[in-house]
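Working notes for the structure below.
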There are 2 protein chains.
Amino acid sequence: MSTTEVPSVPATARERARAQVKAELLDAARARLEADGAAELSLRAVARDLGVASSAVYRYVESRDALLTLLIIETYDAVGAVAEQAAADARARGADPARTWLEVARAVRGWALAQPYAYELIYGTPVRGYRAPDDTVPSALRMWGVIVSVLQQAAEEGTLAPAGPDFDPHGRVTPAVVAVVGGALGPVSDDVLRIASRSATLFCSLLGAISAELFGHLHRFADDYGALFDVTIATAAAGVGLHADLSDA
Amino acid sequence: MSTTEVPSVPATARERARAQVKAELLDAARARLEADGAAELSLRAVARDLGVASSAVYRYVESRDALLTLLIIETYDAVGAVAEQAAADARARGADPARTWLEVARAVRGWALAQPYAYELIYGTPVRGYRAPDDTVPSALRMWGVIVSVLQQAAEEGTLAPAGPDFDPHGRVTPAVVAVVGGALGPVSDDVLRIASRSATLFCSLLGAISAELFGHLHRFADDYGALFDVTIATAAAGVGLHADLSDA
DNA sequence: TCACAACAGAGAGCAGTGCTCGCATCTGGA
DNA sequence: TCCAGATGCGAGCACTGCTCTCTGTTGTGA
């Protein structure tokens, strides 16, 4: 569960014990996080929970921000796994790409509502000036992988029919992104550029819909927030070319 | 500039002096906020900037959170004014509703990029458990007013052609929202409900697009983030029924 | 098996925070 | 002019992140 360092097989007994303690530390920190939120997460409080002096914690973690970074990575992995699972389940039920995306979005929303502080940790205001981005990138990319897979599937099936505007795709996406997205789509064509751009649209609509609801910007707006969420996601997805049917449920 | 209490005409000299000091306090706090961000905003630092003991600040403001709430209201008003101005300018230039919305979105993005900490203050992670919502609501509604006006204009012109899915609008919106939105649209019809729901879609797409960029989720994604933003906004707007042309610029 | 080096933990301490309270001081309004 | 109430100050409390030094333990290589 807890993401430790590289050595998956600790050599010495000392390293094993150390990994054990660090895992307990991360678990305690996660409990505090999900109870009080990232802003209130106090290293001293975590130390108290563990029955340990606050200074001892610094044997395992460089700083409070480093601890938060570890939790951020864990959380990106958790939400990435939720999205991947939702996509797999939907496809197993024979869902088309549009339906698959809707169910992924619903799953992520459900996860966010269940643990709002975890969602805030990764998709809310960044904690300090900058969290170390490079460490978190691989885990953060899992969500993007799901989005791109949905778009690729639709493109291959030929069901990707954008209702949104046509646009010059150049400049919208960097070569690095194209490399990731285009891997399964052959040479770098304008289509690949377009799909990459549209993955951002899907991501932004998901982020916006969940953040707006969670952060109170839709306060007293709807009776059925789940239904409103479906509309928001499906509407943006239609612009991208994924047309989901909301008449059934 | 600074939003003071209700008495726009202070009766006594004492009250005038008090309002003056409070305004200076808010200005200093805003400067700190825009320099360091809400999380780092320290009441003691503001007091130092004013050359005053930290305890003296409490004569004018109940707590740090109360000070933040005042800044939040100011900020909602600022971004609301930006949106209103952008809409007015666009209409003065003869822009259609879709174009108007795109320019509003661009203006808000420009404002957010210029003062990211102000944006984070209102659209990022809420500061404490709950900010007093009732005080901030009127200012926060200005943005929604702009969105609804664009949709109403399109509906009246008959150019509102949604590409997104059809949906049962009931439950998506509360009567209170309908009262606000439907004021200029006559009786509560399903069309009013639909427009209200779609205002949430526009809002969410704007929030998601700016937050994603500002919070680093599009890190190294694009060369031209402005162009990517246009695509995101226009694509979601197309789902709602506002079709903007991106081929010109 | 054993000595020792490396390591984990404790606790004091520093600088910072929000906030309270009692005390002086000043000043506006009668 | 006079004084009550407004205003500011500074000490102090409890909390934070983080550092430093010291002690006791424990795993490990010889």
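The values are calculated or read from the model by the stated rules, or taken from the named source; none is laboratory data. Quantities reported herein were computed from a predicted structural model and do not represent experimental measurements. Ideal geometry is used to build each Cβ from the backbone, glycine not excepted, and the neighbour counts take in all protein chains shown. We work out accessible area using only protein heavy atoms, side chains counted, and drop any ligands, DNA or RNA first. Shrake-Rupley method; radii C 1.70, N 1.55, O 1.52, S 1.80 Å.
3J(HN,Hα) along region A:62-75, derived from phi through the Karplus expression 6.51 cos²θ - 1.76 cosθ + 1.60 where θ = phi - 60°, amounts to 5, 6, 4, 5, 5, 4, 4, 4, 4, 5, 4, 4, 3, 5 Hz, with x in place of Gly and Pro. With all protein chains kept in place, the per residue accessible area of region A:99-171 amounts to 41 square angstrom at a probe of 1.4 angstrom. Label positions at residue A:45 and residue A:179, each projected 7 Å from the Cα along the C-beta direction, are separated by 4.2 nm.
The label-point distance for residue A:134 and residue A:224, in a model that sets each label 7 Å from Cα toward Cβ, rounds to 4.9 nm. Rolling a 1.4 angstrom probe over the protein assembly as shown with all protein chains present gives an accessible area of which 54% lies on carbon and sulfur atoms. Per-residue 3J(HN,Hα) values for region A:25-38, derived from phi via the Karplus relation 6.51 cos²θ - 1.76 cosθ + 1.60 with θ = phi - 60°, read 4, 5, 5, 5, 5, 5, 4, 4, 4, 6, 8, 10, x, 5 Hz in sequence order (x marks Gly and Pro). If the segment from residue A:247 to residue A:114 were pulled out straight at 0.36 nm per residue, it would be longer than the present Cα-Cα gap by 45.2 nm.
Taking both sides together, what accessible area is buried at the B/A interface, probe 1.4 Å, expressed in Å² and rounded to the nearest 100?
Details: alone 13330 and 13310 Å², together 22050 Å².
The contact between A and B buries close to 4600 Å².
Please state the shape class of the protein assembly as shown: rounded when a/c is under 1.5, otherwise prolate if a/b exceeds b/c and oblate if not, all from the C-alpha gyration tensor. Verdict is oblate for the protein assembly as shown. Relative to the other identical copies, residue B:141 shows label-point distances of 4.7 nm, where the label point lies 7 Å from Cα along the Cβ direction and values run shortest first.
Please compute, for peptide B:213-219, the average count of beta-carbon atoms on other protein chains lying within 10 Å of each residue's beta-carbon.
Counting other chains' Cβ atoms within 10 Å and averaging over B:213-219 gives 5.
Please give the contour-minus-distance gain from residue B:93 to residue B:59: 0.36 nm per residue of separation, less the Cα-Cα distance, rounded to one decimal in nm. Kindly include the intermediate steps, with their values, before the conclusion.
Working: separation 34, 0.36 × 34 = 12.24 nm, distance 4.85 nm.
Stretched fully, the residue B:93-residue B:59 segment lengthens by 7.4 nm.
About its Cα centre, the protein assembly as shown has a charge dipole of approximately 1700 debye under the convention of +1 per Lys or Arg Cβ and -1 per Asp or Glu Cβ, with nothing else charged. Quote the Stokes-Einstein diffusion coefficient, in whole µm² s⁻¹, for chain B, based on the Kirkwood radius over alpha carbon pairs, a temperature of 4 °C and a viscosity of 1.567 mPa s. Answer from the Stokes-Einstein relation: 65 µm²/s.
Using the per-residue mean of other Cβ atoms lying within 10 Å as a proxy for protection, in what order, highest first, do the peptides A:207-214, A:153-160, A:189-196 fall?
Details: A:207-214: 25.1, A:153-160: 15.5, A:189-196: 19.6.
Output ranking for A:207-214, A:153-160, A:189-196: A:207-214, A:189-196, A:153-160.
At 7 Å along the Cα-to-beta-carbon direction for both residue A:66 and residue A:161, put a label point, then send me their distance in nm to one decimal. Inter-label distance under the simple model: 5.6 nm. Spatial offset of region A:206-249 relative to region A:132-175 amounts to 20 Å, using the alpha carbon center of each. The other copies place their residue A:62 label points at 4.1 nm from this one, listed shortest first, where each point is 7 Å from Cα along Cα→Cβ.
Peptide packing: for A:218-229, A:54-65, B:95-106, the average count of neighbouring Cβ atoms within 10 Å per residue gives the ranking B:95-106, A:218-229, A:54-65, highest mean first. Could you tell me which residue out of A:108, B:114, A:231 lies farthest along the dipole of the protein assembly as shown toward its positive end? Charges go on the beta carbon: Lys and Arg +1, Asp and Glu -1, centred on the Cα centre. So the residue we want is B:114.
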